[in-house]
Amino acid sequence: MMEAAASPVPALPPPTHVAIIMDGNGRWAKARGLPRTAGHKRGAEAVRRAVETARELGVSYLTLYAFSAENWKRPAGEVTDLMGLLRLYLRNEVKALHKNGIRLRVIGDRSRLGDDIVALIEESEAKTAGNTALTLVLALSYGGRQEIVAAVRHLAGQVRAGAVDPDDIDETLFSANLFTADIPDPDLVIRTSGEQRISNFLLWQCAYSELVFLDVLWPDFDRADFEAAIRTFHGRDRRFGLTSG
Ligand code: IPE
Ligand code: IPE
Ligand code: MG
């Protein structure tokens, strides 16, 4: 008699929104005696892998922290290199994103980005707007505190203009004034490189995210690491303030 094939363990549903603080490019390069740019280049390859994996695993939103508001304070040469890689990514990868049904969204302060990069972002967002397989959110020139301050300023202006009653400002209205207005909060936040901090990433949105810190440098982050983080996530008990058990 033929052995019945082992029935596959039903896969747990993937987290809807995974956000990643991609850290450790510099240390990856340093460990190899290479310039930091080499680490950022390999980091861009890890981005490609992570996007592909997220899509294959059925994640609906993948947010990648690519450049923080504070990263502008790095040496000019490194900022130029990072902007160059971003340009290359937008020029070369969007076609593949579109082919794979991926929608691109960019959050952050665009006023500090070069005009040509802003044009590439707008073009890419428009081209991929109708895609539904995965939403890739790139956080560029992004800071959580700056985002909150901008929302407060906008709401204050509306109050002054008589368009909003202060009593109507609640969590829903406030969230609607963030870059992430139409994006669900992250279920899982992964940070690579062993650092255990948030570094101004999605401060409001991470209120109830599960945090997973991995001892892998971003250029080395692969599918196995992604899956391990999701397994850790599934082992967590999300309570949202309710009683345990
Ligand atoms: C992450 O790697 C990339 C950015 C923050 C732009 P780092 O450049 O921060 O690498 P480390 O932390 O110095 O290793
Ligand atoms: C956080 O990494 C920002 C990004 C990954 C884009 P950093 O390397 O800038 O964070 P800190 O300075 O170690 O907190
Ligand atoms: Mg770092």
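Some observations on this one:
- Atom-type composition of the exposed protein surface of the chain places 53 percent of the accessible area on carbon and sulfur (1.4 angstrom probe).
- Computed FRET value (nearest 0.05) for ARG197 with ASP167, which takes r as the C-beta separation and R₀ as 41 Å: 0.70
- Estimated from helices alone, the mean residue ellipticity of the chain at 222 nm is -13500 deg cm²/dmol (sum of -39500 (n - 2.57) over DSSP H runs with n ≥ 4, per residue).
- Residues of the range 195-226 with amide N under 19 Å of the 7 Å Cα→Cβ point at ALA11: 222-226
- Dipole magnitude of the chain, debye to nearest 20 (Cβ charges: Lys/Arg +1, Asp/Glu -1, about Cα centre): 840 debye
- Extension gain for ARG145 to ARG223 (0.36 nm times residue separation, less C-alpha to C-alpha distance): 24.9 nm.
- Computed label-point distance, nm, for sites ARG238 and GLU123 using a 7 Å Cα→Cβ extension: 3.7 nm
- Positive contributions from Lys and Arg (+1) and negative ones from Asp and Glu (-1), summed over other residues with Cβ under 10 Å from the Cβ of ARG223, come out at -4.
- Relative contact order computed over the range 11-101 (Cα-Cα under 8 Å; 6+ residues apart), in percent: 34 percent
- Estimated FRET transfer efficiency (GLN158, THR80; beta-carbon r; R0 35 Å; 0.05): 0.40
- Long-range lysine pairs (8 or more apart or interchain), the chain, Cα under 22 Å: 6
- Cβ crowding within 10 Å averaged over residues, with 157-166, 211-220, 184-193 ranked highest first: 184-193, 211-220, 157-166
- When both the range 50-83 and the range 136-214 are represented by their alpha-carbon centers, they are found 17 Å apart.
- In order along the range 135-150, the Karplus-derived 3J(HN,Hα) couplings, from 6.51 cos²θ - 1.76 cosθ + 1.60 at θ = phi - 60°, round to 9, 9, 9, 9, 8, 10, 6, 9, x, x, 5, 4, 5, 5, 4, 5 Hz, and Gly and Pro are given as x.
- Long-range HN-HN contacts of SER141 with modeled amide H, under 5 Å: PHE67, SER68
The values are calculated or read from the model by the stated rules, or taken from the named source; none is laboratory data. Predicted model only: the values in this text are computed from it and were never measured. Methodologically, a virtual Cβ is constructed for each residue, glycine included, from the backbone with ideal geometry; neighbour enumeration extends over all protein chains shown. All accessible areas refer to the heavy atoms of the entire protein, side chains included, with ligands and DNA or RNA removed. Shrake-Rupley method; radii C 1.70, N 1.55, O 1.52, S 1.80 Å.
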